[in-house]
1. So residue 98 passes all but one of these: (1) free of Cβ contacts under 8 Å to residues at least 12 places away in the same chain; (2) among the hydrophobic types (A, V, I, L, M, F, W, C); (3) open to solvent by less than 50 Å² (accessible area, probe 1.4 Å). Which condition number does it fail?
2. Which of the residues spanning the stretch 150-176 are surrounded by 22 or more Cβ atoms within 10 Å (Cβ to Cβ), more than 24 Å from residue 113 (Cβ to Cβ) and either at pLDDT 95 or above or of a type in the set (Ser, Thr, Tyr) (or both)?
3. For the structure I just gave you, tell me whether residue 26 is of a type in the set (Val, Ile, Thr), surrounded by fewer than 21 Cβ atoms within 10 Å (Cβ to Cβ) and either touching a residue at least 60 places away in the same chain (Cβ under 8 Å) or out of contact with any Asp or Glu (no Cβ under 7 Å at 6 or more places or on another chain) (or both).
4. Which of the residues that make up the stretch 204-221 are more than 16 Å from the chain's Cα centre (by Cα) and crowded, with 19+ Cβ neighbours inside 10 Å?
5. Scanning for something without any contact (Cβ under 8 Å) to a residue 24 or more places away in the chain, surrounded by fewer than 18 Cβ atoms within 10 Å (Cβ to Cβ) and at positive phi, does the stretch 35-44 turn up at least one residue?
6. Report the residue count in the stretch 187-201 for those that are surrounded by fewer than 23 Cβ atoms within 10 Å (Cβ to Cβ) and either in contact with a Pro (Cβ under 8 Å, 6 or more places away or on another chain) or touching a residue at least 40 places away in the same chain (Cβ under 8 Å) (or both).
7. Counting only residues that are open to solvent by 10 Å² or more (accessible area, probe 1.4 Å), part of a strand (DSSP E or B) and more than 12 Å from residue 10 (Cβ to Cβ), how many does the stretch 59-87 have?
Amino acid sequence: MPSGPTPDDSEPRKSRRAQCPAGHRVVGGGGWAFDHGHGVVALTGAEPGRDLLLQRDYFRATASEPGTGFTAGWWLEAYALCAPAASLPGYQQVSAFASAIGFATARVRCPAGKRVIGTGAAAFPDLHAGLQLFRSTGTRDAAMATVRARGDHPGMIRVRVLGICTTNDAVVVAAVRNLDDAAAACPSGTRVHGVGGGGSPADSGNSFLQEVYPPSQLDRASTSMTAAPNRGMVSQAICVGGTS
């Protein structure tokens, strides 16, 4: 479920929300901040949520220009990956926070017997910190995220990581590259339920996520960053059989 893009202008902060249909739960999602190749706009959030008034799940993406500003246009789009609630035994969202100066990392583990089917994260403060990574761990029982200060911001930054957990079986596909973009394709007969990616779990230098997004065919995950991270990058697709 794509949100559609924001206007292509130079607002310092943008937010977009993609809504799931009634009777469905959000199982993952992503965001795409496109600044026409300038490599300065960064994703600051890509998170699941629930509208308590409408009783509908959504996935929200947020992005911002650097604190020093940016005069050219850019746009932001969110994508919600949704599945019928009845197809998600043991559905549960978990989250954790961490704070540090310069670079922060956080992990959150699913309850025993459950596995991560989707992930999300947010960076704070949004004009002075950006997402470098959010994805499931290799064992798929936890979600992880990292954020880095932008520019010469000297203060504390914060990261929130979210994991969407179920007892569903899934296949995790990861593609590793040393450039600023990567894609991970699902095996035949499966579709994307969760996307993730970014740099390494360590500080990736002055490089931030711009795109963690599935195409309309829901057969892969695409990831791009503002610049090539200094330790390589990964795109991750969490794939499940059947429809979503």
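1. That leaves (1) as the condition not met.
2. 157, 159
3. So residue 26 does not fit the description; no.
4. Answer for the stretch 204-221, where residues must be more than 16 Å from the chain's Cα centre (by Cα) and crowded, with 19+ Cβ neighbours inside 10 Å: just 204.
5. As a first pass, look at the stretch 35-44 and keep what is without any contact (Cβ under 8 Å) to a residue 24 or more places away in the chain: 37.
Restricting the remaining residues to those that are surrounded by fewer than 18 Cβ atoms within 10 Å (Cβ to Cβ) gives 37.
When the remaining residues are screened for being at positive phi, the result is 37.
Yes: the stretch 35-44 contains one or more residues that are without any contact (Cβ under 8 Å) to a residue 24 or more places away in the chain, surrounded by fewer than 18 Cβ atoms within 10 Å (Cβ to Cβ) and at positive phi.
6. So the answer is 6.
7. 6
For every residue, the table says whether it meets (1) more than 18 Å from residue 238 (Cβ to Cβ); (2) among the acidic types (Asp, Glu); (3) modelled with pLDDT of 95 or more.
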site	(1), (2), (3)
59	no, no, yes
64	yes, no, yes
87	no, no, no
94	no, no, yes
98	yes, no, yes
103	yes, no, yes
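The values are calculated or read from the model by the stated rules, or taken from the named source; none is laboratory data. Every value quoted in this text rests on a predicted model; they were computed, and no experiment measured them. Don't worry about glycine lacking a Cβ; one is built from the backbone with ideal geometry, like all the others, and counts go over all protein chains shown. Accessible surface is based on the protein model in full, side chains and every heavy atom, while ligands, DNA and RNA are left aside. Shrake-Rupley method; radii C 1.70, N 1.55, O 1.52, S 1.80 Å.
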